[in-house]
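Following: one structure in structure tokens, then a few remarks.
The values are calculated or read from the model by the stated rules, or taken from the named source; none is laboratory data. Keep in mind that what you see is a predicted model, and the values were worked out from it rather than measured. As a convention, Cβ positions derive from the backbone with ideal geometry for all residues, glycine included, and neighbour counts pool all protein chains shown. Keep in mind that these areas ignore ligands, DNA and RNA; they rest on the heavy atoms of the full protein, side chains included. Shrake-Rupley method; radii C 1.70, N 1.55, O 1.52, S 1.80 Å.
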2 protein chains.
Amino acid sequence: MIRIAIAGYGNLGKGVEAAVVNAPDMELVGIFTRRSPQGITSESGVKVLPFDDLWNMENDIDVVINCMGSATDLPETTPLIASKFNVVDSFDTHANIPEHFDKVNEAALSGGKIGIISSGWDPGLFSLMRIYMESALPEGKTYTFWGRGVSQGHSDAIRRIPGVKDARQYTVPVEASMEKVRRGEEPVFETRDMHTRECFVVAAEDGDKAAIEKQIVEMPNYFADYNTSVTFIDEEELENNHKGLPHAGNVIRSGVTGLKGQEGNTLEFSLKLDSNPLFTGSVLAATARAAYRLFGKGETGGRTVLDIPPAFYSPEDMEELRKHIL
Amino acid sequence: MIRIAIAGYGNLGKGVEAAVVNAPDMELVGIFTRRSPQGITSESGVKVLPFDDLWNMENDIDVVINCMGSATDLPETTPLIASKFNVVDSFDTHANIPEHFDKVNEAALSGGKIGIISSGWDPGLFSLMRIYMESALPEGKTYTFWGRGVSQGHSDAIRRIPGVKDARQYTVPVEASMEKVRRGEEPVFETRDMHTRECFVVAAEDGDKAAIEKQIVEMPNYFADYNTSVTFIDEEELENNHKGLPHAGNVIRSGVTGLKGQEGNTLEFSLKLDSNPLFTGSVLAATARAAYRLFGKGETGGRTVLDIPPAFYSPEDMEELRKHIL
């Protein structure tokens, strides 16, 4: 049994918890939180402990899955954990991945452990799709579309506007643009050609709806470059129709083969998830298995999904996999 | 530059030739054939040599891509080549993969080389999709659909019927069945529920069309278990409308996440190829790069795509890949 610890107990931590509890070859040792563990009851019944208790449990844990936030927590805590434990995270601030990798690599090398960063579905599964597609079809162009699904970062941005009580933002891919890509046209898109943004907003009683809408659609980076719709709803409707965290996405590559590039090809990967954090948690659990395998082979240092042999994610052995997967 | 040799010069060999000639980091040393090389001119102008010349060129070749047929050639020649060279093949007789693997592994270990078997798209890319999908979503079911595309084995089977001059067989997935899978119904299918078979047949002048049709639709394994349509056409129409070798396919997995399996998810990979052998050749060229990398790390023995770190297929270095792929 691979002994797993979870660090951080938000939606993602709960997703990992479910995946680990259901895995045939894993045991959940505990959940470690930087909040006060008093009053936190885990969904599986496993014990919830203060984060700093981790440092006394080196002999009890094979892999720590770090489920804290990407913005400020992971850059600090993943290297810290990597110096003592094999660790997996879902760091997703694309521009800062090289820097985060270097820090985790250094810490993991110093501790003689494995640190896998940026797993999940994007980065993660989608990164794998991009590298396989580019390698199989070197002459071509890759596009990533996200949605329809809830963007938590964009929902949070709306909630910070004065007069907003609650909000949900859906990222929606432009179907006509996906069709162009699938036809091999290799289009050049503006930001607004690829995705639209749908906002469902509960205004406070004294909230100025016109002002809120203006602030949303003009918000730089988040909304200004998109076609954005704003729909005001009441709390009951938010609760009934917008409580879930579904997501979806597509990676599409079109390109040519042949001595003269005479033949067209399209490769596409898509996913559709009722719950983004539950699925991401499931991918992280499989990645923890890979970390355990790499460590078992005597490897140490930083890794990403691009370095990991695919079989390492599976509970089955190679002989069995060659029989039923190939 | 990775120095590549091609063994076997049919459609697949030509596909590999195009991919290698277009690769920035590869050099095509020669094409080796068991037919008489006299009168064979390669499409790229590279020299065509007798197969046995290979044995004098150990110092000139980094990887041999074996493009011979799966039925009888690869089981014999891939182990033979693996004892002297790094080698890649596209062995696709699923039931015999374990046996073929063992032979190639033994030969490659004895020669201190790398032997990668069963690359291409199925087995190959589709195998990768199956293992990632199963690992990310362990509670679920995976389905593979092929087509619409030309099955060369089935076309050959029709051509062997007396009174048939030429034929093309298309394998066509049943769209309604794919939709059921996408909806997460985890259906149980009979063979005929997943694919239909469309046959375009040129009869000889004295051919008995009714007898030909009966022989096709009743042919065991190939057609009897499918809904099969037979359309007689003339040679001109075959030449004009059925000359290409397009193919397509989908791997779809649906499954559940959550402590109680309460949330649904669907993952799907699809490809659409104007030319099956050109794309397969392109995948084999990328696999040769991986063989070269593995050998460069001092590894030896048999491998499949399930063992290979994804980054090894790409001409770019890890640092660059972490920046733009993750």
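With respect to the conditions (1) under 20 Å from A:Ser119 (Cβ atoms); (2) within 7 Å of chain B (Cβ to nearest Cβ); (3) polar (S, T, N, Q), A:Thr266 falls short on a single one, namely (1). Note on segment A:64-107: residues that are of a type in the set (A, V, I, L, M) and open to solvent by less than 10 Å² (accessible area, probe 1.4 Å) total 9. All of B:Pro75, B:Pro37 fail the test of being more than 21 Å from B:Met1 (Cα to Cα), touching a Pro at 6+ places or on another chain (Cβ under 7 Å) and not polar (S, T, N, Q), apart from B:Pro37. One residue stands out among those in segment B:117-156 that are in a strand (DSSP E or B) and touching a Leu at 6+ places or on another chain (Cβ under 8 Å): the one that is surrounded by the most Cβ atoms within 10 Å (Cβ to Cβ), which is B:Trp121. Checking each residue in segment B:1-48 for being among the acidic types (Asp, Glu) and more than 14 Å from chain A (Cβ to nearest Cβ) picks out only B:Glu27. Please enumerate the residues belonging to segment A:190-208 that are surrounded by fewer than 13 Cβ atoms within 10 Å (Cβ to Cβ) and without any contact (Cβ under 8 Å) to a residue 24 or more places away in the chain. Selection gives A:Glu205 alone.
Take the conditions (1) within 24 Å of B:Ile6 (Cα to Cα); (2) in contact (Cβ under 8 Å) with a residue 24 or more places away in the chain; B:Gly140 misses just one of them, which is (1).
Restricting attention to segment B:298-311, and to residues there that are assigned to a loop (DSSP other than H, G, I, E, B) and within 12 Å of chain A (Cβ to nearest Cβ), which single residue is farthest from B:His100 (Cα to Cα)? Among residues in segment B:298-311 that are assigned to a loop (DSSP other than H, G, I, E, B) and within 12 Å of chain A (Cβ to nearest Cβ), the one farthest from B:His100 (Cα to Cα) is B:Pro309.
In segment B:163-189, of all residues being free of Cβ contacts under 8 Å to residues at least 12 places away in the same chain and not in a helix (DSSP H, G or I), the one that is nearest to B:Asn221 (Cα to Cα) corresponds to B:Val188. If only one of B:Arg322, B:Arg293 is at the interface with another protein chain (Cβ under 8 Å from one of its Cβ atoms) and without any contact (Cβ under 8 Å) to a residue 60 or more places away in the chain, which one is it? Result of the check over B:Arg322, B:Arg293: B:Arg322. With a requirement of 1 or more residues that are touching an Asp or Glu at 6+ places or on another chain (Cβ under 8 Å) and open to solvent by less than 10 Å² (accessible area, probe 1.4 Å), the strands (runs of 3 or more DSSP E) lying completely within segment B:1-63 that satisfy it span B:2-7, B:26-33.
Restricting segment B:214-265 to residues that are within 25 Å of B:Ala157 (Cα to Cα) and touching a Gly at 6+ places or on another chain (Cβ under 6 Å), the residue that is surrounded by the most Cβ atoms within 10 Å (Cβ to Cβ) is B:His247.
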